[in-house]
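**Q** I have a structure I would like to understand better, so I am pasting it below and will then ask my questions one at a time.
The values are calculated or read from the model by the stated rules, or taken from the named source; none is laboratory data. From a predicted model like this one, the values you see are computed outputs, not experimental measurements. Cβ placement follows ideal geometry from the backbone for every residue including glycine, while neighbour counts extend to all protein chains displayed.
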Amino acid sequence: MDGKIQPDPVLTPYMQNLQADPKQFQSMIEKLLEKYRVQPVGNGFIDLIIDCAGSLQLIDEFARQAVAVEMVTWWCHCTPQSKLAWGCPHGMGGPTNEFGEGYFAECIGYPDFVLANQPDRPDELTLHPAAFAGQSAQLTKNYIQNVLPQAAFYTPCLHPGLWLQVPADWKREHYLLEK
């Protein structure tokens, strides 16, 4: 052995790429979360709450770094204005908005966008990690931009909660330091 870590044949090329330098990927993700003023829920890389417009840009940035979004859940941004305009909240209580007024309510009754359930999903086993992330980004952005606004449950208060496709044991370092 030459001391190098050998790729795990059980992991997809995409996951092998993330595991090649997990600290670098996690640091890059944290910087993007800060740049886009994302409201993370919990200590992992799931339910990263951001408005729809910002999510489109953030998903592109993730894809450029070969990081894919695997799922989107929905959060109602509850403010006095949204309560009057759209009858918020549309879900259960959640975190206070760290970057403005109100709070987020988890909309558990709304259908999630799950990449693995899409009929035209990219093949994680055969695609280069960057191609997989790019194709995943296109499907996710299309849903947020074109499908969501047509859904019967849609209201303008909805914010996506992005779930990154990263190893389940990854924990947010900033979260751990803050708590």
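**Q** Read through the list (1) under 18 Å from the mean Cα position of the chain (by Cα); (2) at pLDDT 95 or above; (3) surrounded by fewer than 18 Cβ atoms within 10 Å (Cβ to Cβ), then give the number of the only condition that N43 fails.
**A** So N43 meets the others, but not (2).
**Q** So Y14 clears everything in (1) touching a residue at least 24 places away in the same chain (Cβ under 8 Å); (2) under 20 Å from E173 (Cβ atoms); (3) not acidic (D, E); (4) not in a loop (DSSP other than H, G, I, E, B) except one condition, right? Which one?
**A** All conditions pass for Y14, except number (2).
**Q** Tell me which of these D120 doesn't satisfy, since it passes every other one: (1) charged (D, E, K, R); (2) farther than 21 Å from D60 by Cβ; (3) loosely packed, with under 12 Cβ neighbours inside 10 Å.
**A** Every listed condition holds for D120 apart from (2).
**Q** Turning to a different aspect of this structure: For the range 99-112, check the following and say yes or no: at least one residue is exposed (fewer than 15 other Cβ atoms within 10 Å of the Cβ), touching a Lys or Arg at 6+ places or on another chain (Cβ under 8 Å), more than 26 Å from N142 (Cβ to Cβ) and at pLDDT below 95.
**A** Yes, the range 99-112 has at least one match.
Listed here are the residues, each with its yes/no results for (1) closer than 21 Å to I144 by Cα; (2) buried (at least 21 other Cβ atoms within 10 Å of the Cβ); (3) in contact (Cβ under 8 Å) with a residue 40 or more places away in the chain; (4) more than 14 Å from the chain's Cα centre (by Cα).
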| site | (1), (2), (3), (4) |
| --- | --- |
| A20 | no, no, no, yes |
| Q26 | no, no, yes, no |
| L56 | yes, no, yes, no |
| V72 | yes, yes, yes, no |
| Q81 | no, no, no, yes |
| W86 | yes, no, yes, yes |
| H90 | yes, yes, yes, yes |
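**Q** For the range 93-119, name all the residues that are over 20 Å from Q150 (Cα atoms) and either without any contact (Cβ under 8 Å) to a residue 24 or more places away in the chain or touching a Ser or Thr at 6+ places or on another chain (Cβ under 6 Å) (or both).
**A** Selection gives G93, T96, G100, E101, G102, Y103.
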